[in-house]
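Reading through the structure tokens given below for one structure.
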Amino acid sequence: DSSKELQGNHGLHIPSPCLAVAFNLQTLQANFAVQTLKPLGTAQNGFSATSCGNAKDQVYGLAQCRGDVSSNDCLSCIQDASKEIRKRCPDQADARIWYEYCFLRYNTKNFLGEVDTSYGIFYYNTAYVTDPDAFNEELGALMDRIKSQAVGPFNKGLGKGESKLSPFETLYALVQCTRDLSQLSCSQCLAIATGNFPTFCNSKKGCRVLYRSCYVRYELYPFFFPLDSRQTLASTSMASYVSVVVSKTEEKLAESNCAIEGGVITCRFDNPLGQFCGSNTKTTRQISSNIDAVLAKLVQGTAQNGFSATSYGNAKDQVYGLAQCRGDVSSNDCLSCIQDASEEIRKRCPDQADARIWYDYCFLSPNGPDKSQAVAPFNKGLGKGESKLSPFETLDALVQCTRDLSQLSCSQCLAIAIGNFPTFCNSKKGCRVLYGSCYVRYELYPFFFPLDS
């Protein structure tokens, strides 16, 4: 009975990578972190994230069950995983283990909230479908549909569905993100996972991609709940599957900027994309004071409409400033980003009167004397779109000018930015160009709002 086998063994047991990390923690401490994950935290809602210890000895942990399994199966799987991971990775501070029904990880480095596709396990069926083109079209459409489900606000990162290929054959698919991710991060992880299909899963009868941050699977048999009354859960024997392990350190999109307190995860914005501190524009005490005043006005002004241009002071001590958020982000994210930027720029450029800082969601620039602004408040200068490259891959692109530019100046800035593509971005999977007046970016995963849900 396949369902009994799943309950007892949780189906496929995928060995965890025991990553080579210097382990200077007491074994008991790492064990305690796993113990906090094991019992009720995950069983109650299928997810738990926690930490234990302080400073350099702190251990972070996450456990999550597949969103369609029962609470009893979830608890049983996490209990098994918490015991097995200590046997398989007894001396490692960074360890992960995947089961059919659950996933568990702990690390001395804070990984909460980050999209981590640096280490992946790929399982693919050795058998091929008979009509690859038609199959890939159906699979791509189904994956698009369930990825949209997963990033929906009430779906907890889970998407699943099926598509009838013929009167006798049905395609089943499931995707899931760990619930420490934002909707955008979830969408990015799933896009990267399905982007591997042409390489590892092309025309195969079944395939799954396992990352720390998300999971993708499709089969030509039922494998998720609830079952149709006419269905039975198929055996998950992996005799006809081949596994491939891929490690790509460059695939990690961002470091964690999240903290956990009382079981609640809160995240700050990523570190700045970059900054410019003008070497020939040293501040005086009065100019420094005026910069602080300009930054305060920029934070207040940008919160209202995503853009602010202002000045403070008189004559040779006058300071001009500009702040703008990416045109697709929410007002709350905009305000948070500008607040972070106004604090960070003073740390990074403490003595410069000409400074600029770029974040993913915003840009800020306080400038010293002799800088003028021509504010065009109704010219938002934003363009974004996507193009389907294949059933499994979509190109997303966004351009934006600062709203002080005229339409002609905006067009000129964007033309210059895009003109850099052959030199710096040629045939790359993603690229961005950051200027003080405009911004250009393209990726093979979603990065702007609104998300398709």
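One table, with the values for the structure above:
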| read-out | value |
| --- | --- |
| Rounded FRET efficiency, nearest 0.05, which uses the C-beta distance separating ASP131 from SER70 and R0 of 51 Å | 0.90 |
| Burial order of peptide ranges 403-415, 346-358 (average beta-carbon count within 10 Å, highest first) | 346-358, 403-415 |
| Distance between the range 77-101 and the range 165-200 - C-alpha centres, whole angstrom | 24 Å |
| The range 395-453 shape via C-alpha gyration tensor axes, a/c threshold 1.5 | oblate |
| Solvent exposure ordering (accessible area, 1.4 Å, most first) of ASP116, ASP317 | ASP317, ASP116 |
| Rough spin-label spacing in nm, given labels placed 7 Å along Cα→Cβ, for LYS56 and LYS282 | 3.8 nm |
| Hits among lysines - C-alpha to C-alpha of LYS316 under 30 Å, sequence gap 8 or more where chains match | LYS282, LYS297, LYS347, LYS371 |
| ³J(HN,Hα), Karplus 6.51/-1.76/1.60, whole Hz, each residue of the range 73-84, x for Gly, Pro | 5, 4, 4, 4, 5, 5, 4, 4, 5, 5, 7, 5 |
| FRET E, pair GLN44, SER406, Förster distance 45 Å, beta-carbon r, rounded to 0.05 | 0.20 |
| Estimated inter-spin distance, LYS429 and VAL245, nm [label 7 Å along Cα→Cβ] | 2.0 nm |
| Gain on full stretching of the segment that runs from ALA397 to LYS164 - 0.36 nm per residue minus C-alpha separation | 80.6 nm |
| Length added when fully stretched, ILE418-LEU273, from 0.36 nm per residue minus Cα-Cα | 50.3 nm |
| Among 62-69, 330-337, the order from most to least packed when residues are scored by Cβ within 10 Å on average | 62-69, 330-337 |
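The values are calculated or read from the model by the stated rules, or taken from the named source; none is laboratory data. What you see is a predicted model, and the numbers here were worked out from it, not measured in a lab. Note: ideal-geometry Cβ built from the backbone for every residue, glycine included; neighbour counts use all protein chains shown. Heavy atoms of the whole protein, side chains included, go into the accessibility calculation; ligands, DNA and RNA do not. Shrake-Rupley method; radii C 1.70, N 1.55, O 1.52, S 1.80 Å.
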